[in-house]
Amino acid sequence: MSDQSRTNQLLYQAELLAVSTAEDDEHATARRMAQEEGALALFELALTSLLREVTEHARLSQHEWRYLLSDDGPAMAELQRLRDLVHQPDSWLFWLVEQLNSLHSSDGAAKRRAANPSMIAVSDQASLGDQLVTQLNAAKREVAALRETSQEW
């Protein structure tokens with residue numbers, strides 16, 4: 001499978017997990033959290049695959065996203081474009097990096113919803129699953145643009 005095919009596959013699988021519905025039983029919350037974190041982990045794999053894809057001509061020995069997206073990473077136009085996105089608070093990549101930091105922390109990324117249905121919601125924040133779908137769609141648009149730029153070279 002090519003790097004491009006693998007990136008597409010991982011983005012698709014992450015979206016499938018993010019939109020999956022869970023049965024309403026005593027395990028529903030744990031299942032939802034597992035699906036959200038699973039989708040986020042697949043999104044991380046897709047990011048790594050994307051980085052491998054856009055840097056394949058450079059024959060890099062390392063494709064770890066933290067290194068490649070850091071200021072100390074290799075000087076490449078594609079990577080700089082992604083580094084710029086990491087610093088834009090409204091970008092999909094900024095959101096993803098924040099979520100991956102949470103995922104790798106002891107707290108995790110998925111959260112339990114308020115146990116008391118009579119509690120007033122403090123904000124209208126979308127669920128992690130809904131946010132994942134939105135950010136995955138934004139990532140797919142960026143992937144298409146990166147591929148178009150790569151083909152021009």
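The values are calculated or read from the model by the stated rules, or taken from the named source; none is laboratory data. Please read all numbers here as calculations on a predicted model, not as lab measurements. Every residue, glycine among them, receives a Cβ derived from its backbone with ideal geometry; neighbour counts consider all protein chains shown. With ligands, DNA and RNA removed, areas are computed over all heavy atoms of the protein, side chains included. Shrake-Rupley method; radii C 1.70, N 1.55, O 1.52, S 1.80 Å.
Some notes on this structure:
- Axial C-alpha extent at least 18 Å, average Kyte-Doolittle at least -1.0 - helices from the chain (DSSP): 3-19, 28-54, 128-152
- In plain terms, the chain from Phe94 to Thr134 could stretch by 13.1 nm, reckoned as 0.36 nm per residue minus the Cα-Cα distance.
- All Cα pairs of the chain, percent lying beyond 26 Å: 30 percent
- Computed accessible area, Thr21, all protein chains, 1.4 angstrom probe, square angstrom: 130 Å²
- Spin-label pair Asn101/Ala30, simplified geometry with 7 Å Cα→Cβ offset, distance in nm: 3.0 nm
- Pairwise Cα distances in region 1-85 exceed 18 Å for 52 percent of all pairs.
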